[in-house]
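Worksheet for the structure shown next.
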Amino acid sequence: MPVLRAARTASALLAAVAAVTVAATAPAHAAGPATPSCDNMCILDARTGGHPDYDRLVFDVSRDTQPTVVHAEVSPDGTYSPGGTGEFKHLAITAKNYLMLDISPADGYAYTTPAVQPVSLPSLKGIQMTGGYEAHTTFGLSLGDYSRYKVSTLTSPSRIVIDIYH
């Protein structure tokens with residue numbers, strides 16, 4: 001009887017080891033695209049479009065939540081200070097006018113559009129990611145002639161929209 005019990009225990013142990021080995025060596029299933037893990041809303045990319053009366057810049061974001069603040073400010077010369085550095089730089093794409101954006105709370109490390117993106121629209125000439133610091137992500141827009149701008153947010157899916165009027 002003790003021999004039979006030992007054989008059953010050994011058989012069960014071998015079956016358990018075999019199951020673990022098969023599970024560990026089984027091919028992994030292909031996962032879908034990974035969603036970035038951000039403490040805040042992630043800014044994923046930027047896209048542009050031209051309309052008869054305005055140019056539109058759209059930032060796609062990772063969550064169905066909106067940023068608390070999208071602050072836009074006209075800059076006379078395109079000068080900005082990358083978050084927390086204390087130094088000053090100029091936007092890479094020269095233009096007649098500049099608009100600086102500060103989006104918070106937002107993380108920009110999942111941003112897939114090139115950091116400096118030239119644009120060939122009547123009012124929008126370029127987009128530049130200028131930094132990220134303490135849940136603030138900043139961008140500079142290089143502009144041609146423009147009369148005004150409007151910042152808004154849209155849902156389903158969530159987006160940040162900047163319209164620059166001609």
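General observations
- SER62 vs. criteria farther than 28 Å from CYS38 by Cα and open to solvent by less than 50 Å² (accessible area, probe 1.4 Å): no
- Flag if TYR133 is over 13 Å from the mean Cα position of the chain (by Cα) and at pLDDT below 90: yes
- Every residue from the range 151-162 that is small (Gly, Ala, Ser) and surrounded by 14 or more Cβ atoms within 10 Å (Cβ to Cβ): SER158
- Within the range 124-150, the residues that satisfy the criterion of being under 14 Å from LEU99 (Cα atoms) and either out of contact with any strand residue (DSSP E or B) (no Cβ under 7 Å at 6 or more places or on another chain) or open to solvent by 50 Å² or more (accessible area, probe 1.4 Å) (or both) are LYS125, ASP145, TYR146, SER147, ARG148, TYR149, LYS150.
- Annotation: GLY32 fulfils all but one of (1) modelled with pLDDT under 90; (2) more than 22 Å from the chain's Cα centre (by Cα); (3) not aliphatic (A, V, I, L, M); the unmet one is (2).
- If you go through the range 96-121 and keep only what is farther than 15 Å from ILE43 by Cβ and among the charged types (D, E, K, R), you end up with just LYS96.
- Contact annotation: residue pairs with Cβ atoms under 7 Å, 6 or more positions apart or on different chains, pairing a residue in the range 47-63 that is in a loop (DSSP other than H, G, I, E, B) with a partner that is among the hydroxyl-bearing types (Ser, Thr, Tyr) and surrounded by fewer than 16 Cβ atoms within 10 Å (Cβ to Cβ), are ASP53/TYR165; SER62/THR35.
- Filtering ALA95, ALA110, ALA106, ALA115 for residues that are over 22 Å from the mean Cα position of the chain (by Cα) and of a type in the set (A, V, I, L, M) leaves a single hit, ALA95.
- Put simply, of ALA110, ALA95 the only residue that is touching a Cys at 6+ places or on another chain (Cβ under 7 Å), assigned to a loop (DSSP other than H, G, I, E, B) and either open to solvent by less than 40 Å² (accessible area, probe 1.4 Å) or under 19 Å from VAL161 (Cβ atoms) (or both) is ALA110.
The values are calculated or read from the model by the stated rules, or taken from the named source; none is laboratory data. Since we're looking at a predicted model, the values are computed, not measured. Here the Cβ is made from the backbone with ideal geometry for all residues, glycine too, and neighbour counts use every protein chain on show. Each accessible area value is taken on the protein alone, full model and side chains, heavy atoms only, with ligands, DNA and RNA left out. Shrake-Rupley method; radii C 1.70, N 1.55, O 1.52, S 1.80 Å.
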